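Enquirer: Below is the structure I would like to discuss, written out as structure tokens.
Every number here is computed from the coordinates shown, using simple stated rules; none is lab data. Remember, it's a predicted structure, so these values are computed and weren't measured experimentally. Glycine also receives a Cβ, built like all others from the backbone with ideal geometry; neighbour counts cover every protein chain displayed.
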Amino acid sequence: VIYMQNARFTTSKNPENPEYYFFARRIKFVPKKKIVTGLVNMYIADVPTPLGLPFAFFPMTTERSESGVILPNFGNNNSQGYFLQNGGYYFAVSDYMDLTLLGDYFTNGSYGGRVESNYKARYKYNGSVRFLYENQLQSERGFSDFAQTSRYNLNWQHAQDGKSNPSSRFSASVNLGSSQFFRQSFNQVNQSATLVNNLSSSISYSKAFPGEPQVNFSASVTHNQNTNTDVVNLTLPTLQGSVSRIFPFAPKEGTKKGIIENINLQYNLRGENRIATTDEDFFTDKMFDSAVMGLQHSIPIATNFKAGYFSFSANANYEENWVFETYRQSLVENESGAFETVRDTINGFDAYRTYSYGASVGTTIYGSWKSKNPDSKVQALRHIIRPNISYAANPSFDQYYDRLVNEQGMDAPGREEQQFYSRFDGTLFGAPGRNFSSSINLGIQNNIEAKVRDRDSTKTELKKIQILKSLSFNTSYNLAGDSLNWSPLSVRGVIPITKNININLDANFDPYALDNNNNRIDRFNVSNGGSLLRLTRAGLRTSFRLSSTDFEKDTDTEDSDERTLQNGGRDDDLFGASIDYSREQDQEPEKQDVDINKDRYRFKIPWSLNFAYTMTYNNAQRQNAINQQSLMISGDIELSPRWTIGGNTGYDFANRGISFSTLRFQRDLESFTMSFNWTPIGPRNSWFFFIGIKASALSDIKWDQRKQPDPTF
């Protein structure tokens, strides 16, 4: 134990001339354990500040963080008043798990709480759990604009190490809660999460039973929630089982040849309990009112063989669907004399069986060209064409349909045609098809490759590049239809521009003409005085990333933000980078020290840019309009070794408006870090300022100020 007087305590890398320090009149120092002081106050650049304490305790352990108090942030919110946020306690439960309890309180009575835990067992599993709850009050009780809402969010991520058990696997990715939580939370500064329109969850377990044939089993619980419509879809649970493919006529040794030896079949089982509800009825008894359940058995049978340059395949599929509720419909005359359809639920087991079949034939055509000039940049071209013709048929299962009649067994008067319904309408897998369908599908896929000389004249080996990654044409002809037999021609293409940039194109061409009301008629467009094919839709999409590291060798790509992905966002920052000061400060990896006095001028300035462009043209009914067109840009630039600025913005050309935009600035102050994030326009108008000490031992010494987006109740 060492006793000192008039000592300085700092985490600066330059203790002889630190940019900040705590000046203590008296200190008790236990090396590598702790520092206990008397009166202490903070100095910045040798200038004393009024920030001080009558005594202080600084832990100096080099082991994992011990349990301790987390000091809250303080400030003022226009909607809820003054606040203390994110204060609580950190529990170092064990070497494999921790626990954080945090709370918020506002002077108008609003409050919130958060529970976070991270766990990890090496070579077994790892994960994290986070639950947030908020009770928000708007204005003051008694005022006309007073409102009270409660919101919650649960996020659980669990991953199993593949080496722990190769035959079984358990995983979880849960993100559920109130639809407006991310948009209205008073503790949410992760702007990219506010733009997420869907919350989804999945908890699954799978088990494989080795053998011949192998049996696979899986059970899962899924959740999907639309935050705009508040519609929630659940499966509680989904059960799946399968038996691997069996080749009953295959030889015991050698390869399978011919149509008979290649016959194979498989058994699949799927059972679901599907629930459709709303955010308001979630976790209440009402959510089970619309539940439907059922089992589906399927046995696909297939075979394939080659004949010359052609590959043939044939397939058939048998399905049997079990349900536990069916629906009977009838016509009932109301008070006004009109007939209405009444639907009655019939409890009990029922089943229906369907089958379908088809065949296909395809081949591959190669076209090549070689340059006769050895000095030509393009030395060879290869064009690969893969045509394919397939046939598919689905028989009619009208035995599962009944006439829609009234109580006397008669058709409703005034109805020109008899109406039919299936008692399986509205069941889990729907009703079987009543109309016979038979169609021929035509498709051609193309790609073009080239061999070119390398720009480096010292390299003699030719370099292979792709000129056209993919260009496909698809259409079909309905043999069972009485009109409009040809479906529109679908064109899809992927054109590479550079190594990291691709342009995706798609278009639909309709061979049929339109009448005066812009409806399709059974007459070819060319016979109506138009072109052979009528363009009805076209689209273009491209997105790419450029950075200074793309022009350097042996550079690593940046990691995506994990928290944004957990919330259902994108892995880039086109919708804003993830920031969340409400969490304990994440310590950035140590950067290599830079002597800013050595090189006054920087020849290399790190930067990165993300681009995304999309366009959709619609002319299905002579609109001749671009109904979607937008450009999004985001980027960062490191102006100096310690200055970084960035942002994202975009423009919607169709609606003529600027899309979600943010600006961010970050300054490395050696022992401190400072950042400012600003959303200047739109309903999410807000800004966040933060400055704090980097060292984890002093992470509570920080200050942040914010202007939250205006809440909507």
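Enquirer: Can you sort Trp687, Trp643 by how many other beta carbons sit within 10 Å, fewest first?
Expert: Details: Trp687 16, Trp643 12.
Listed from fewest to most nearby Cβ atoms, that is Trp643, Trp687.
Enquirer: Quick check on the chain: helices-only [θ] at 222 nm, where DSSP H runs of length 4 and up contribute -39,500 (n - 2.57) each and the sum goes over total residues. Nearest 500, please. List each step's numbers first, then the result.
Expert: Values: 3 runs with 13 residues, N = 713.
Helices in the chain give a 222 nm mean residue ellipticity of -500 deg cm²/dmol.
Enquirer: Taking one equal scatterer on every alpha-carbon of the stretch 2-59, how large is log10 of I(q)/I(0) by Debye at q = 0.17, 0.29 1/Å?
Expert: For the stretch 2-59 at q = 0.17, 0.29 Å⁻¹, log10 I(q)/I(0) is -0.51, -1.27.
Enquirer: Please turn the phi angles of the stretch 45-55 into ³J(HN,Hα) values with the Karplus equation 6.51 cos²θ - 1.76 cosθ + 1.60 (θ = phi - 60°), one per residue in order, whole Hz, x for glycine and proline.
Expert: 6, 6, 9, x, 10, x, 6, x, 9, x, 7
Enquirer: Rank Tyr366, Pro248, Tyr90 by how far each Cα sits towards the positive end of the charge dipole of the chain (+1 on Lys, Arg Cβ; -1 on Asp, Glu Cβ) and give me just the farthest.
Expert: Of the listed residues, the answer is Tyr366.
Enquirer: Still on this structure, please answer the following. For a quick check: with amide H placed at 1.01 Å from N, whose amide H comes under 5 Å from Gly426's, ignoring anything fewer than 5 positions away on the same chain?
Expert: Here the answer is Ala431, since their amide H atoms fall under 5 Å of that of Gly426.
Enquirer: Now, a different point. In percent, what relative contact order does the stretch 193-337 have, based on Cα pairs under 8 Å that are 6 or more apart in sequence? List each step's numbers first, then the result.
Expert: Values: 289 pairs, mean separation 23.9, N = 145.
That works out to 16 percent.
Enquirer: Each label point is 7 Å from the Cα along the Cα-to-Cβ direction; what then is the distance between the points at Val452 and Phe55, in nm?
Expert: 7.5
Enquirer: Only counting other Cβ atoms within 10 Å, I'd like Ser167, Ser457 sorted with the fewest neighbours first. Could the numbers behind the result be given before it?
Expert: Numbers: Ser167 10, Ser457 7.
Fewest-to-most Cβ neighbours within 10 Å comes out as Ser457, Ser167.
Enquirer: Quick check on the exposure proxy: order Phe217, Phe672, Phe143 from fewest to most C-beta atoms within 10 angstrom.
Expert: Going from sparsest to densest Cβ surroundings: Phe143, Phe217, Phe672.
Enquirer: Once you have the Kirkwood Rh of the chain from its Cα pairs, apply Stokes-Einstein at 10 °C and 1.306 mPa s and quote D in µm²/s.
Expert: Working: Rh = 32.6 Å.
For the chosen part, D equals 49 µm²/s.
Enquirer: Report ³J(HN,Hα) in whole Hz for each residue of the stretch 168-176, in order, from the Karplus equation J = 6.51 cos²θ - 1.76 cosθ + 1.60 where θ = phi - 60°; Gly and Pro get x.
Expert: 9, 8, 10, 8, 8, 9, 10, 8, 9
Enquirer: Moving on. What is the chain's relative contact order, in percent, from Cα pairs under 8 angstrom and six or more apart in sequence?
Expert: 7
Enquirer: If you place +1 on the Cβ of every Lys and Arg, -1 on the Cβ of every Asp and Glu, and leave all else neutral, what size is the dipole of the chain about its Cα centre, to the nearest 20 Debye?
Expert: Working: 74 positive and 75 negative charges, 584 e Å.
It comes to approximately 2800 debye.
Enquirer: A further question follows. Enumerate the amide H contacts of Trp486 below 5 Å, restricted to partners 5 or more residues apart or on another chain; note that Pro and chain-start residues carry no placed amide H.
Expert: Asn478
Enquirer: So for the chain, taking the charge dipole from beta-carbon charges (+1 Lys/Arg, -1 Asp/Glu), which of Gly529, Ile346, Ser696 sits furthest toward the positive end?
Expert: Ser696
Enquirer: Each residue of the stretch 217-233 in turn: what ³J(HN,Hα) in whole Hz from Karplus with 6.51, -1.76, 1.60 and θ = phi - 60°, glycine and Pro shown as x?
Expert: These are the phi-based 3J(HN,Hα) values: 9, 8, 9, 8, 10, 10, 8, 9, 9, 8, 6, 8, 9, 6, 7, 10, 10 Hz.
Enquirer: What is the set of long-range amide H partners of Ser659 at a cut-off below 5 Å, with H atoms built 1.01 Å from backbone N?
Expert: Gly650, Tyr651, Asp652
Enquirer: Suppose a student asked you for the relative contact order of the stretch 325-470, using Cα pairs under 8 Å spaced at least 6 residues apart; what percent would you report? Walk me through the numbers on the way to the answer.
Expert: On the way: 276 pairs, mean separation 35.7, N = 146.
Relative CO of the stretch 325-470 lands at 24 percent.
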